[in-house]
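Take a look at the structure below.
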Amino acid sequence: MPMAIIVQGGAGTITSDRAEIVRAGCRDAALIGWRILENGGNALDAVEAAVRALEDNPNYNAGKGACLTADGRIELDAGIMDGEKLRVGAVACVEYIKNPVSLARKVMESPHVLLVGKGAQEFALEQGIPQCSFGDLLTKHQYKRWKEAQSIRADAEEEPRYHRREVKPGSPGNEKHGTVGAVAIDTSGVLAAATSTGGIFDQYPGRVGDTPLVGCGFYADENAAISCTGQGEDFARLLIAKRAAD
């Protein structure tokens, strides 16, 4: 059975000065997953490793380099699925976890499907996944964007109420970053999918999009493996990943 892996670094605006950096990161992540497949590894290991590489790369909105919420936190979501046995694991709104896709893998290997927030972080410690510091996840680029958003919000609040501006998430530079992910098929014909994200820049604390929702942001079965990126709320409403697989 031919093997393959596809990696995506997210939809959205990519400036010309970042284009090659982002492409190179995807190539490197795909190569990491490919080597696992080439050495007889399974699709699940390949997609987890590829997404971990993207989470470790500060040029993507996942893991290190993730965007900040409106109150200055970094909340991470991830999901992973085994297409052979339909095993699923996902986490949402987790903080201080360097590689949430690996935490999602641990959830998949447990009786659970989705863990969120404090419970997910306690589960991580039980599974031997250490917490990292906030500084381990924060980049200067994302902090600068957040400070600019704070400044815009403060200016808007000082305006008279009758013509106060609405400050929308992602205002500074209108720069967008999306979910990262990978799909793969191994030599046994088994498919797998994984996704990871830091959400939407300047999002409301606790907001969850499609990424950790099975059938919305990711899905895998015996026929297809899907990893989505885009407007998370719309993907969740329409169950895009499951529709694509069907």
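Read-outs throughout are calculated quantities, based only on the coordinates presented, and are distinct from any laboratory measurement. Given the structure is predicted, the values throughout are model-derived calculations rather than measurements. Cβ placement follows ideal geometry from the backbone for every residue including glycine, while neighbour counts extend to all protein chains displayed.
Observations on the model:
- Taking a Cβ cut-off of under 9 Å around Thr195, the surrounding Lys, Arg, Asp and Glu residues balance to a net charge of -2, with basic ones at +1 and acidic ones at -1.
- DSSP H segments from the chain that extend 15 Å or more along their own axis, Cα-based, with Kyte-Doolittle mean of 0.5 or above: none
- Note on the chain: helix-only mean residue ellipticity at 222 nm, from DSSP H runs of 4+ residues weighted -39500 (n - 2.57) and normalised by residue number, equals -11500 deg cm²/dmol.
- Principal axes of the range 1-50: Cα extent on each, largest first, Å: 37, 18, 15
- Centroid-to-centroid, using Cα positions, the range 190-246 and the range 114-147 are 20 Å apart.
- In a simple Cβ point-charge model (Lys, Arg +1; Asp, Glu -1; nothing else charged), the chain has a dipole of about 400 debye relative to its Cα centre.
- Pairs of lysine residues in the range 3-127 that meet both criteria, 8 or more places apart or on different chains and Cα atoms under 17 Å apart, total 5.
- Selection from Ala236, Gly181, Leu137, by position along the positive dipole direction of the chain (Cβ): Leu137
- Note on the range 1-113: Kirkwood radius taken over Cα pairs, Stokes-Einstein applied at 37 °C and 0.692 mPa s, translational D equal to 220 µm² s⁻¹.
- Note on Rg and Dmax of the Cα atoms in Å: of the candidates (i) 17.3, 56; (ii) 22.7, 71; (iii) 17.9, 66, the value calculated from this structure sits at (iii).
- Additional length obtainable on full extension of the chain from Ala244 to Ile21, 0.36 nm per residue less Cα span: 77.3 nm
- When only Cα pairs below 8 angstrom with a gap of at least 6 residues are kept, the chain shows a relative contact order of 27 percent.
- Averaging the sequence gap over all C-alpha pairs within less than 8 Å and six or more residues apart, then dividing by the number of residues, gives the range 83-151 a relative contact order of 32 percent.
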